[in-house]
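For reference, the structure discussed in these notes is given below.
The values are calculated or read from the model by the stated rules, or taken from the named source; none is laboratory data. Treat the numbers as computed from the prediction; the structure is a model and nothing was measured. Cβ placement follows ideal geometry from the backbone for every residue including glycine, while neighbour counts extend to all protein chains displayed. With ligands, DNA and RNA removed, areas are computed over all heavy atoms of the protein, side chains included. Shrake-Rupley method; radii C 1.70, N 1.55, O 1.52, S 1.80 Å.
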Amino acid sequence: MPFINPEDGHLTVLNLFKTDTRARVDTLVKEMKAIVDTAAFPGWISSTVHRGEQTPGTANFIQWRGMQDLESRYNDSEFKHHTVPVFREITSFVRLMQTEVELSRRHPALGDVTEVSPDRDDYTVIEVLGVDPAEQGALVATLGTAHSWLVDVPGYRSQSVLRGIRSRNLEGGAGTLATVGTDNDFVVVYSQWDGKESYDTFRTVAEAEWPAARRGFHDKRNSLTTSTDWNGYRAVHTRSASQPVAV
């Protein structure tokens, strides 16, 4: 199963898809599973499909050996003339984000390495935070301090912070990708919880009940963040390069 570990040095790609109906999420998951099951791309390491729960959509957590391998995939004829048209038809929004894992921490009771797997029962939250490129490092550092008080939040399991490198969408010409904004103007937070209820409670607890550390964290985070987008997910399918291609 895939693990989130900054020491691995993988290029981590998070592809987010949104749809206008939940029925189309089924189609999205089916198409993504088919791609994952037949993946045999040079430099591809693993893919894990996540199904959106808060709003209709999916996310694919993908690990690559490096940028050159990913660009070869994007320039592939099958990607341009089959994959892109399929996703254009069934989605209302696509964002392909290239990142590097800056840190990944788990609750001390759960071990050291964050695992991404449908065999687990994690409720996963993916947040995309916009930031002025000059403040990206400061935002990453601020987000890293959250673990110190998150360990006391009921239901918290892990938090991984990923530094944005490049973000693209499918709004260019047929089979092409368009860069979104400045290459390093975002940060991604991938967190795991023991259930949606725990996360919802965490989000809605009254500010007056926050510990001082959390208040200070949110003040700093809000001062650095220019936009926020998030969704809750369940991992539903995964495969790594060491596993055989589906027949």
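Quick test for you: out of VAL36, VAL49, pick the one residue that is at pLDDT 95 or above, assigned to a helix (DSSP H, G or I) and buried (at least 18 other Cβ atoms within 10 Å of the Cβ). Let's see the steps before the verdict.
Values: VAL49 fails: assigned to a helix (DSSP H, G or I).
The unique qualifying residue is VAL36.
Just the residues that are free of Cβ contacts under 8 Å to residues at least 40 places away in the same chain and either open to solvent by 40 Å² or more (accessible area, probe 1.4 Å) or touching a strand residue (DSSP E or B) at 6+ places or on another chain (Cβ under 8 Å) (or both), please, taken from the range 81-119. Even if it seems obvious, please write down each step before you answer.
Applying the first criterion (free of Cβ contacts under 8 Å to residues at least 40 places away in the same chain) to the range 81-119 yields 82, 89, 109, 111-112.
Passing the criteria: HIS82, GLU89, ALA109, ASP112.
What are the residues in the range 1-23 that are within 19 Å of ASP229 (Cβ to Cβ) and buried (at least 18 other Cβ atoms within 10 Å of the Cβ), if any?
THR12, VAL13, LEU14, ASN15, LEU16, PHE17, LYS18, THR19
Starting from the range 24-46, keep only residues that are within 16 Å of GLU89 (Cα to Cα), then list their pairs with residues that are open to solvent by 20 Å² or more (accessible area, probe 1.4 Å) and assigned to a loop (DSSP other than H, G, I, E, B) whose Cβ atoms are within a distance under 6 Å, requiring at least 6 positions of separation or different chains.
Sorted first by the residue in the range 24-46, then by its partner, the pairs are VAL25/PRO56.
Hey, any hits in the range 15-23 for a residue that's under 19 Å from GLN192 (Cα atoms), under 15 Å from the mean Cα position of the chain (by Cα), in contact (Cβ under 8 Å) with a residue 60 or more places away in the chain and outside any loop (DSSP other than H, G, I, E, B)?
Residues of the range 15-23 under 19 Å from GLN192 (Cα atoms): 15-16.
Still in the running and under 15 Å from the mean Cα position of the chain (by Cα): 15-16.
Those still in the list that are in contact (Cβ under 8 Å) with a residue 60 or more places away in the chain too: 15-16.
Checking which are outside any loop (DSSP other than H, G, I, E, B) leaves us with 15-16.
Within the range 15-23, one or more residues are under 19 Å from GLN192 (Cα atoms), under 15 Å from the mean Cα position of the chain (by Cα), in contact (Cβ under 8 Å) with a residue 60 or more places away in the chain and outside any loop (DSSP other than H, G, I, E, B).
Could you figure out which of (1) under 20 Å from the mean Cα position of the chain (by Cα); (2) surrounded by 11 or more Cβ atoms within 10 Å (Cβ to Cβ) isn't true of ARG203?
(2)
Working carefully through the options SER198, SER227, find the one that is in contact (Cβ under 8 Å) with a residue 40 or more places away in the chain, part of a strand (DSSP E or B), of a type in the set (Gly, Ala, Ser) and farther than 30 Å from ILE35 by Cα.
Numbers: SER198 fails: part of a strand (DSSP E or B).
After applying the criteria, what remains is SER227.
Going by the conditions given, is THR225 out of contact with any helix residue (DSSP H, G or I) (no Cβ under 6 Å at 6 or more places or on another chain), within 18 Å of GLU102 (Cα to Cα), open to solvent by 10 Å² or more (accessible area, probe 1.4 Å) and not small (Gly, Ala, Ser)?
Details: out of contact with any helix residue (DSSP H, G or I) (no Cβ under 6 Å at 6 or more places or on another chain): yes; within 18 Å of GLU102 (Cα to Cα): yes; open to solvent by 10 Å² or more (accessible area, probe 1.4 Å): yes; not small (Gly, Ala, Ser): yes.
Yes, satisfied.
In this structure, is TYR74 under 19 Å from ASP183 (Cβ atoms) and surrounded by 15 or more Cβ atoms within 10 Å (Cβ to Cβ)?
In short, yes.
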